[in-house]
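Notes follow the structure.
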Amino acid sequence: MLNNMRILLIISGGIAAYKSLELIRGLRRRGAQVRPILTKGGAQFVTPLSVATLAQHKVYDDLFYLTDESEIGHIRLARETDLVVVAPATADILAKMANGIADDLATTALLATDRPILIAPAMNSRMWANTATKRNLALLQANGVMTVGPAHGELAEGEIGIGRMAEPVDILASIEAALGGPLSGIRALVTSGPTHEPIDPVRYIANRSSGKQGHAIAGACARLGAAVTLVSGPSSEIDPPGVEMVHVETARDMMEACLKALPVDVAICAAAVSDWRPAEAGTQKIKKDKRSSSTAPNLALVENSDILATLAGRENDRPRLVIGFAAETDDVLAYASAKLVSKGCDWILANDVSPDTGTFGGDDNKVHLISRSEAEPMAGPNIEEWPEFSKVEVAARLAERIAQSLGSAA
Ligand code: CTP
């Protein structure tokens, strides 16, 4: 709920402005007060009347600027608010924000505010990919501006790509998180996806992990307000909104990135880290040896270090809660309970990945949560069966359980 939270909503000029009407409705339903600013461009897509009607508040635009200066003034407008939201945020307004340009009411308010700012970018995918936009965005993020989206999907011109404004429900979740979800103030580290272990410059050892579960967990924790670092191996999943991404290839890179992210309050290791890597990765492509009867090379493998066990075993900066996954095809609970102990973590999510379940790469996940019995350490682990949930639902439930656990421990 956002009871009586004051949101200054800036609607800039893009086709996605129509979705801002839905956003206003969602904000009002959650009890927020909405003060809308409509830019000249925004007014080409939605009318001041529809914005004012839904917001139940007058709309500030450049026409009202001069008369309102005497009443409220752009400085007060910018400061008497709990959060400034720019949705949609065009490439143009991002550029102005990044460079401190104030040439209308919206950009003047953005320059004058000392309140947190959340932007929901929306633009053509080529504009989004342009280095100028990337540079502006990096500057804004470095200055603490929060972002949600953009999402992948159909764009205004009928093209498919990244650039669609995040859906109103995702923007609402980010607003709730920014204003204090149950995980706000909590730092979370999540690993996701497979790792690629190079054999030579063109070949590698990998596995079938898609990264769906880890990415969903990172997104769910961020939605509850956690500051999330997601260390991901190669995955075709889209970076979840509001998460700090670290893209890696190998298990060794993943380990390094995880240690760099410490200290954190909670670590969730959902990556399918390759257990082994070639002892030596060729710097040139290995050729078939035509002289011998067999052209198959002998691949010597060495073991990769265990990231989960390493995090759980840290002495001075061990996360308060260390969570692993156990992907098993048989005797799921027994093997997973043994892993809880051998890896030294606090919770294990046991996954049945036998071939007929379709878990690897699929959307659903059959899960048990196994935890150490804190009251009676000798009594064996607690086992809780979660009904079959989608990976997204498993992630949401896990994020809520983490909030409960860390909240009660605080
Ligand atoms: N894990 C890790 N680093 C590794 C290997 C695994 O962090 N080098 C983590 C995974 O992210 C997961 C958990 O350990 O949370 C269990 O991984 P799994 O591959 O099921 O276990 P293994 O230790 O590889 O055991 P086995 O393959 O024998 O089942």
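The values are calculated or read from the model by the stated rules, or taken from the named source; none is laboratory data. Predicted model, so just to flag it, every value in this text is computed and none were measured. Here the Cβ positions follow ideal geometry from the backbone for every residue, glycine too, while neighbour counts run over all protein chains shown. Note: areas computed on protein heavy atoms with side chains; ligands, DNA, RNA excluded. Shrake-Rupley method; radii C 1.70, N 1.55, O 1.52, S 1.80 Å.
Across segment 59-100, the qualifying residues are those that are modelled with pLDDT of 95 or more and part of a loop (DSSP other than H, G, I, E, B), and the one among them that is surrounded by the fewest Cβ atoms within 10 Å (Cβ to Cβ) is Gly100.
Tell me, please, whether a residue that is over 24 Å from Ala91 (Cα atoms), crowded, with 21+ Cβ neighbours inside 10 Å and in contact with a strand residue (DSSP E or B) (Cβ under 6 Å, 6 or more places away or on another chain) can be found in segment 2-10. Don't jump to the end; show me each part of the working.
Step one: of segment 2-10, the residues over 24 Å from Ala91 (Cα atoms) are 2-6.
With the extra rule that they be crowded, with 21+ Cβ neighbours inside 10 Å, the set shrinks to 2.
Within this subset, residues satisfying the condition of being in contact with a strand residue (DSSP E or B) (Cβ under 6 Å, 6 or more places away or on another chain) are none.
No, segment 2-10 has no match at all.
Scanning segment 23-58 for residues that are outside any helix (DSSP H, G or I) and open to solvent by 20 Å² or more (accessible area, probe 1.4 Å) yields Arg30, Gly31, Gln33, Arg35, Lys40, Gly41, Phe45, Thr47, Gln56, His57, Lys58.
Residues that are assigned by TED's automatic domain parsing to the domain that holds Gly219, near the ligand (Cβ under 8 Å from one of its atoms) and in contact with a His (Cβ under 7 Å, 6 or more places away or on another chain), at least 2 per element: which strands (runs of 3 or more DSSP E) completely within segment 264-342 meet that?
Values: elements: 266-269, 276-278, 301-303, 321-328.
Those strands (runs of 3 or more DSSP E) do not exist here; none qualify.
Scanning segment 176-203 for residues that are in contact with a Ser or Thr (Cβ under 9 Å, 6 or more places away or on another chain) and open to solvent by 50 Å² or more (accessible area, probe 1.4 Å) returns Arg187, Pro198, Pro201.
Among the conditions (1) closer than 30 Å to Ala166 by Cα; (2) outside the structural domain of Arg397 (by TED's automatic domain parsing), the only one that Pro241 does not satisfy is (2).
Return yes or no: is Cys258 surrounded by 24 or more Cβ atoms within 10 Å (Cβ to Cβ), touching a residue at least 60 places away in the same chain (Cβ under 8 Å) and more than 15 Å from the ligand (Cβ to nearest atom)?
no
Quick grid of which residues meet (1) farther than 24 Å from Pro263 by Cα; (2) under 24 Å from the mean Cα position of the chain (by Cα); (3) surrounded by fewer than 10 Cβ atoms within 10 Å (Cβ to Cβ); (4) of a type in the set (Phe, Trp, Tyr):
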site	(1), (2), (3), (4)
Asp289	yes, no, no, no
Asn298	yes, no, yes, no
Ser305	no, no, no, no
Pro319	no, yes, no, no
Val322	no, yes, no, no
Ala334	yes, no, no, no
Leu340	no, no, no, no
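Can you name the residue in segment 145-159 that is at negative phi and buried (at least 16 other Cβ atoms within 10 Å of the Cβ) and, of all such residues, is modelled with the lowest pLDDT?
It comes out as Leu155.
Kindly evaluate Glu244 against the criterion of being open to solvent by 70 Å² or more (accessible area, probe 1.4 Å), without any contact (Cβ under 8 Å) to a residue 60 or more places away in the chain and away from the ligand (no atom under 12 Å from the Cβ). It would help to see each step written out before you state the result.
Working: open to solvent by 70 Å² or more (accessible area, probe 1.4 Å): yes; without any contact (Cβ under 8 Å) to a residue 60 or more places away in the chain: yes; away from the ligand (no atom under 12 Å from the Cβ): yes.
It is true that Glu244 is open to solvent by 70 Å² or more (accessible area, probe 1.4 Å), without any contact (Cβ under 8 Å) to a residue 60 or more places away in the chain and away from the ligand (no atom under 12 Å from the Cβ).
Close Cβ contacts (under 8 Å, 6 or more residues apart or on different chains) running from residues in segment 324-336 that are more than 18 Å from Leu311 (Cβ to Cβ) to residues that are near the ligand (Cβ under 7 Å from one of its atoms) and not in a strand (DSSP E or B) comprise Glu328/Tyr335. Selection of strands (runs of 3 or more DSSP E) fully inside segment 135-252 by the criterion of at least 1 residues being within 26 Å of Ala16 (Cβ to Cβ) returns 151-154, 160-164, 227-232, 244-247. Of the residues screened, Leu111 is one that is outside any loop (DSSP other than H, G, I, E, B) and either within 30 Å of Ala312 (Cβ to Cβ) or open to solvent by 60 Å² or more (accessible area, probe 1.4 Å) (or both).
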